[in-house]
1. Specify which of the listed residues (Ser100, Ser129) is touching a residue at least 24 places away in the same chain (Cβ under 8 Å) and either loosely packed, with under 15 Cβ neighbours inside 10 Å or at negative phi (or both).
2. Here is a list of conditions, (1) under 24 Å from Ser22 (Cβ atoms); (2) part of a loop (DSSP other than H, G, I, E, B); (3) among the small types (Gly, Ala, Ser), and Ala104 meets all of them except one; can you say which number that is?
3. Can you name every residue in region 28-75 that is over 18 Å from Glu90 (Cα atoms) and of a type in the set (Phe, Trp, Tyr)?
4. Condition check: within 17 Å of Ile135 (Cα to Cα), among the charged types (D, E, K, R) and either in contact with a Leu (Cβ under 6 Å, 6 or more places away or on another chain) or at pLDDT 95 or above (or both). Does Lys50 satisfy that?
5. Taking the options Lys122, Lys117, name whichever one is among the basic types (Lys, Arg), surrounded by 15 or more Cβ atoms within 10 Å (Cβ to Cβ) and without any contact (Cβ under 8 Å) to a residue 12 or more places away in the chain.
6. Considering Glu45, Glu101, Glu90, Glu70, which residue is more than 11 Å from the chain's Cα centre (by Cα), modelled with pLDDT of 95 or more and not small (Gly, Ala, Ser)?
7. Is it the case that some residue within region 12-23 is under 21 Å from Pro99 (Cβ atoms), at pLDDT 95 or above and either surrounded by 16 or more Cβ atoms within 10 Å (Cβ to Cβ) or of a type outside the set (A, V, I, L, M) (or both)?
8. If I ask for residues that are surrounded by 14 or more Cβ atoms within 10 Å (Cβ to Cβ), in a strand (DSSP E or B) and charged (D, E, K, R), which ones from region 58-89 would you list?
Amino acid sequence: MKTILISLLVSFFSQFLIAQNSVEVTITGFNSNKGAALIGLYDSETNWLKQIYKGHKSEIINNRATATFEDLPDGEYAISAFHDEDNDGEFDMILGFYPSEDYASSNNAPAKFGPPKWQDAKFILKNKSKEIQNITIY
């Protein structure tokens, strides 16, 4: 009985020790409402543009898409999104290096001569913070 009580107390109080951060993303500037916006949240520089931590597919309404990511632990994060006009779930490229679909990153990080850099796109979540990202797709 004592073990069960201790386990319940540890479980209960651990919920208060884990920071529950969130990110609200609004992407504007879509050329059309065709297809969907695919939005990826990344949790490290190592995974940036390689391995999504959490993803969201959003309908585009009035050339605008939104997403919310919740229950995120403290840490560094970045967002990458693209307009999946043909709804194939893939970021289409011309000749394997030039994007044929519009894209965007958190902080409106520039993509000059290659993909946006982690250092330009990252933001920090800590202590139950709520990050609001207003991004323009291009």
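The values are calculated or read from the model by the stated rules, or taken from the named source; none is laboratory data. Here the structure is a predicted model, which means the values were calculated and not measured. FYI the Cβ positions are ideal-geometry reconstructions off the backbone, even for glycines, and counts take in every protein chain you see.
1. Values: Ser100 fails: touching a residue at least 24 places away in the same chain (Cβ under 8 Å).
Matching residue, one of Ser100, Ser129: Ser129.
2. (2)
3. Phe69
4. Details: within 17 Å of Ile135 (Cα to Cα): no; among the charged types (D, E, K, R): yes; either in contact with a Leu (Cβ under 6 Å, 6 or more places away or on another chain) or at pLDDT 95 or above (or both): yes.
So Lys50 does not fit the description; no.
5. On the way: Lys122 fails: without any contact (Cβ under 8 Å) to a residue 12 or more places away in the chain.
Step by step, each of Lys122, Lys117 is checked, and only Lys117 is among the basic types (Lys, Arg), surrounded by 15 or more Cβ atoms within 10 Å (Cβ to Cβ) and without any contact (Cβ under 8 Å) to a residue 12 or more places away in the chain.
6. Only one candidate qualifies: Glu45.
7. In the first step, residues of region 12-23 are kept if they are under 21 Å from Pro99 (Cβ atoms); the result is none.
No, region 12-23 contains no residue that is under 21 Å from Pro99 (Cβ atoms), at pLDDT 95 or above and either surrounded by 16 or more Cβ atoms within 10 Å (Cβ to Cβ) or of a type outside the set (A, V, I, L, M) (or both).
8. Arg64, Glu76, Asp84
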